[in-house]
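Structure record follows, encoded as structure tokens.
The values are calculated or read from the model by the stated rules, or taken from the named source; none is laboratory data. Source: prediction; values computed, not measured. Here the Cβ positions follow ideal geometry from the backbone for every residue, glycine too, while neighbour counts run over all protein chains shown. Surface accessibility is based on the protein's heavy atoms, side chains included, excluding ligands, DNA and RNA. Shrake-Rupley method; radii C 1.70, N 1.55, O 1.52, S 1.80 Å.
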2 protein chains.
Amino acid sequence: MAPPAPATRPASRAPLRVALLGVGTVGRAVAEALLADTDRLTARAGRPLKLVAMAARSRRRLDGLGLPPDVVLTDDPTAAATVGGVDVVVEVLGGLEPAGSVVLDGIRAGRAVVTANKHLLAARGSEIEAAALASGTPVRFEAAVGGGTPVLRLLAADLVGMHVERIRGVVNGTTNWILDRMELDGLDGAAALAAAQAAGYAEADPSLDLDGVDAADKLVILSRLAFGVWLRPEEVQRVAPDGPGAGGPGISAVSRADIEAAARRGRRVRLVAEAGRSTDRDRSERGGEAGVEASVLAREVDRDDPLASASGVGNVIVIEGAPHGVVTVSGPGAGGPATAAAVIADLVAIAHGEGSTWDASPLTHRAAEAAPVGAAG
Amino acid sequence: MAPPAPATRPASRAPLRVALLGVGTVGRAVAEALLADTDRLTARAGRPLKLVAMAARSRRRLDGLGLPPDVVLTDDPTAAATVGGVDVVVEVLGGLEPAGSVVLDGIRAGRAVVTANKHLLAARGSEIEAAALASGTPVRFEAAVGGGTPVLRLLAADLVGMHVERIRGVVNGTTNWILDRMELDGLDGAAALAAAQAAGYAEADPSLDLDGVDAADKLVILSRLAFGVWLRPEEVQRVAPDGPGAGGPGISAVSRADIEAAARRGRRVRLVAEAGRSTDRDRSERGGEAGVEASVLAREVDRDDPLASASGVGNVIVIEGAPHGVVTVSGPGAGGPATAAAVIADLVAIAHGEGSTWDASPLTHRAAEAAPVGAAG
């Protein structure tokens, strides 16, 4: 018998050179992970993961990191991303710009990209994906949904043999923490929000969390991997006509009375991000062109529903489809080190020669709104 | 700036040619998945997954499959695995032989291997891994633990940034189904076993399940990925000195009285597979050379413990470590189509050029008992 060609391609053992853009909570934790225990990380990645450049708006954020002197430091993300020899751009700046330009420029220059930026992906994912396909470079974003809860590769790759019918998740830790306080400590919404802000679980402007915008961004990303379609964030319903918090987006209108009414029925109120295939004509119309309906709504869930078990800032995602039935994953939805661990997992995947997070879940429907972007940029 | 070399290697678009060995419940479901909806599978794998050879002891097991005429059929696994041009050998024969020879011969011939054979991996995993390292060919085995519950790549790759301290799982569906019947339907052990056999959830000889041997094999595999060590199956404690079912292996000695006593304390009895790093001197001695302690014991668990939520043949695995805290995954622990989906996920990974399931979790400790095997065989 003739021995066939090996199924795997020999991986490079050369260092994977990383430019890290942003030293917020996640960025600083990524830097710490890359600088600590490098032998173990090298063994797991099969090659060194070498931090070669960093962009930081404030040098104070670097205090105590023990940054080696050969790491290029700048306050300009573009400059850090284009340092000669950079293999991977890690974008943890957040926001649409300059993150979007840096990500797209990196892709077009043939660099791999790892991003934790759910808002950018939800807003411009279709364009970013088209650019990545054109340049053949991997784009990974495990940290964009679930924090340290490993759900994206699981959905796209581990469950490649599942026909996903529906995803339901608690994917916003801030609102879940607030709902916990309202239910368990008897606080009203304003007091629970103040407590969340004091504990560092809510921003000074909490509306992106409270109104379900953050969860909707994450649901757009989950839907891309589950259904092969980029929904527009505004296609995600965020205001319920009835039920807890009816009339307001997300949990903004959820009251103590809503939570107590649910408790009397043996149920809990959670902010549920849900997307599913439309099944009948009426739903299909509501589901839009792609046939996928998506919502982020405060809902009553049964106490034995896995979503009821989401505690504090924890995330729970329930994936339903054939032939599996139900697969559930839960873990830490927030926290710098846990979210950084998702970034590290993406870097290790790239070091091993893996492609993009969406590779095993190709687009099945191209949104009419998608702006195609060529490789030439 | 000089554009760097692309981080990914261009993947082949040529068909991935598959030899499928075994047409039991899982093997037949793998064949069905490979023959159905090939366009979708090709899109997800990036190239066709082409069934080119099958080994079946009974032609009757092929009835209704609609096998294309160009698939080589034989009753000899070795003959099927060595058909010219085979890229991947899928071993779902079960048992130690001829599975072990076919797997090792395939690896040494440079073929990729996908196996669902937990017993083979637990018995000869160290030898198989050494052979795979020597020949540079990927070996994947997602279906060996958890059935359709995606836990192995999650543990080795998605959680590559976690320092795993402990794994706890319900990983044997048969015993869980039996414990459910004893608790929920008030059956004694013998009646529950008979019901499981009638429902097709237990073998005629159920001892591998009841005595915890099957769960111990799975725990050996989980421990390899969590702790970088191949435990010997006999290092897994299966007889408890006290507690439910004390004195007998697995759940063999669990009585209705044990289950009722647990219920009075608000708890449930589960067969818990658990492995963790030894923490003190005494435990370290008990943990053996590798510093890992492992057991498969009937235990009382709190009702809010995720393991208590394992229902019927469902599996639940709880992974604990820093910085994540706890990550939990649950799903179908049995069933041909769901387990076949895990085999398909491995084939897709190989089609995308990924390496072995253990790649991101290199060995940290080589067992003294391991018989090193060279590439020459």
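I want to verify a result. In a Gaussian network model of chain A, Cα cutoff 10 Å, which of these has the top mean-square fluctuation: A:PRO69, A:PRO337, A:PRO244?
So, out of A:PRO69, A:PRO337, A:PRO244, the one fluctuating most is A:PRO69.
State in Å² the accessible area per residue of chain B; use a 1.4 Å probe, count heavy atoms of protein chains only, and round to the nearest integer.
It amounts to 37 Å² per residue over chain B.
For the protein assembly as shown, what is the convex hull volume of its Cα atoms per residue in Å³?
It comes to 168 Å³ per residue, whole-number rounded.
Magnitude of the Cβ-charge dipole of the stretch A:137-202, K/R +1 and D/E -1, about the Cα centre, nearest 20 debye?
Dipole size: approximately 280 debye.
If you count the DSSP beta bridges with both ends in the protein assembly as shown, what percent of them are antiparallel, to the nearest 5?
Percent antiparallel among DSSP bridges in the protein assembly as shown is about 60.
Give me the distance in nm between label points sitting 7 Å out from Cα along the Cα-to-Cβ direction at B:ALA263 and A:GLN197, one decimal.
5.1 nm
What's the Kirkwood radius of the stretch A:325-368 in Å, using all Cα pairs?
13.3 Å
Suppose every Lys and Arg Cβ carries +1 and every Asp and Glu Cβ carries -1, with no other charges. What dipole size does the protein assembly as shown come out with about its Cα centre, to the nearest 20 debye? Write down the numbers at each step before the final one.
Values: 76 positive and 92 negative charges, 238 e Å.
It works out to roughly 1140 debye.
Count charges around A:ASP346 for me, please; just the other residues with Cβ under 12 Å from its Cβ, Lys/Arg as +1, Asp/Glu as -1.
Local net charge: -2.
Would you please state the base-10 log of I(q)/I(0) at q = 0.07, 0.08, 0.11 1/Å for chain A, with intensities from the Debye formula using one equal scatterer on every alpha carbon?
-0.32, -0.41, -0.77
Quickly rank B:130-136, B:256-262 as a protection proxy: mean count of other C-beta atoms within 10 Å, highest first.
Working: B:130-136: 19.4, B:256-262: 17.1.
In decreasing order of mean packing, B:130-136, B:256-262 become B:130-136, B:256-262.
Which FRET efficiency value, to the nearest 0.05, is calculated for B:ASP304 and B:ASP205 with the Förster distance at 30 angstrom and r the Cβ-Cβ distance? Walk me through the numbers on the way to the answer.
Details: r = 36 Å, r/R0 = 1.19.
My answer for the efficiency is 0.25.
For the A and B pair, go ahead and give the buried accessible area with a 1.4 Å probe, both sides summed, in Å² to 100.
Between A and B, the summed buried area is about 4800 Å².
If you take the beta carbon distance between B:SER12 and B:ASP188 as r and set R0 to 45 Å, what does 1/(1 + (r/R0)^6) give as a FRET efficiency, to the nearest 0.05?
That pair, B:SER12 with B:ASP188, gives E of 0.20.
Among the residues of the stretch A:150-189, which ones have their accessible area go down by 50 Å² or more when all the protein chains sit together, as opposed to their chain alone (1.4 Å probe)?
By number: A:PRO150, A:ARG153, A:ASP158, A:VAL160.
Which three semi-axes in whole Å describe the equivalent ellipsoid of the stretch B:114-168, each the square root of 5 times a Cα gyration tensor eigenvalue, listed largest first? The partial results should precede the final answer.
Working: eigenvalues 81, 44, 26 Å².
With the √(5λ) rule applied to the stretch B:114-168, the semi-axes are 20, 15, 11 Å.
Once a ≥ b ≥ c are taken as the square roots of the eigenvalues of the Cα gyration tensor of the stretch A:22-109, is the result rounded (a/c under 1.5), prolate (a/b larger than b/c) or oblate (a/b not larger than b/c)?
oblate
Can you tell me which lysines have their Cα less than 28 Å from the Cα of B:LYS50? Leave out same-chain residues fewer than eight positions away.
The qualifying lysines are B:LYS118.
Mind checking the mean number of beta-carbon atoms from other chains within 10 Å of the Cβ atoms in A:341-351?
Mean inter-chain Cβ contacts per residue within 10 Å come to 4.
Rounded to the nearest 20 debye, what is the charge dipole size of the stretch A:208-360 about its Cα centre when +1 sits on each Lys and Arg Cβ and -1 on each Asp and Glu Cβ?
My answer is approximately 400 debye.
Hey, can you rank A:346-357, A:17-28, A:200-211 by average C-beta count inside 10 Å, highest first?
A:346-357, A:17-28, A:200-211
Once you compute Rg and the Kirkwood Rh from C-alpha atoms, what is the Rg to Rh ratio for the stretch B:125-214?
Computed over Cα atoms, the ratio is 1.11.
Using a 10 Å cut-off on Cβ to Cβ distances, tally the other chain neighbours for every residue of B:44-51 and report the average as a whole number.
Details: counts 9, 4, 4, 0, 0, 0, 0, 0.
Neighbouring Cβ atoms belonging to other protein chains average 2 per residue here.
Dipole of the stretch A:170-270 (Lys/Arg Cβ +1, Asp/Glu Cβ -1, origin at the Cα centre): which of A:THR175, A:ALA202, A:ILE259 lies farthest to the positive side?
The listed residue farthest towards the positive side: A:ILE259.
In peptide A:317-329, what is the residue-averaged number of other protein chain Cβ atoms found within 10 Å of each Cβ?
Average per residue, whole number: 5.
Using only the Cα atoms, work out Rg/Rh for the stretch B:69-124, with Rh taken as the Kirkwood radius, to two decimals.
Checking Rg against Rh, the ratio lands at 0.96.
What full-extension length gain, to one decimal in nm, is calculated for B:SER101 and B:GLU234 as 0.36 nm per residue of separation minus the Cα-Cα distance?
45.6 nm
Which value in Å does the Kirkwood hydrodynamic radius of the stretch A:1-155 take, with 1/r averaged over all unlike C-alpha pairs and then inverted?
It works out to 16.4 Å.
If you take every residue apart from B:ARG267 with its C-beta less than 12 Å away from the C-beta of B:ARG267, what net charge results, scoring Lys and Arg +1 and Asp and Glu -1?
Counting the neighbours of B:ARG267, the net charge comes to -1.
I want the local charge near A:LEU35. Using Cβ-Cβ distances under 15 Å, sum +1 for each Lys or Arg and -1 for each Asp or Glu among the other residues.
Net local charge, A:LEU35 excluded: 0.
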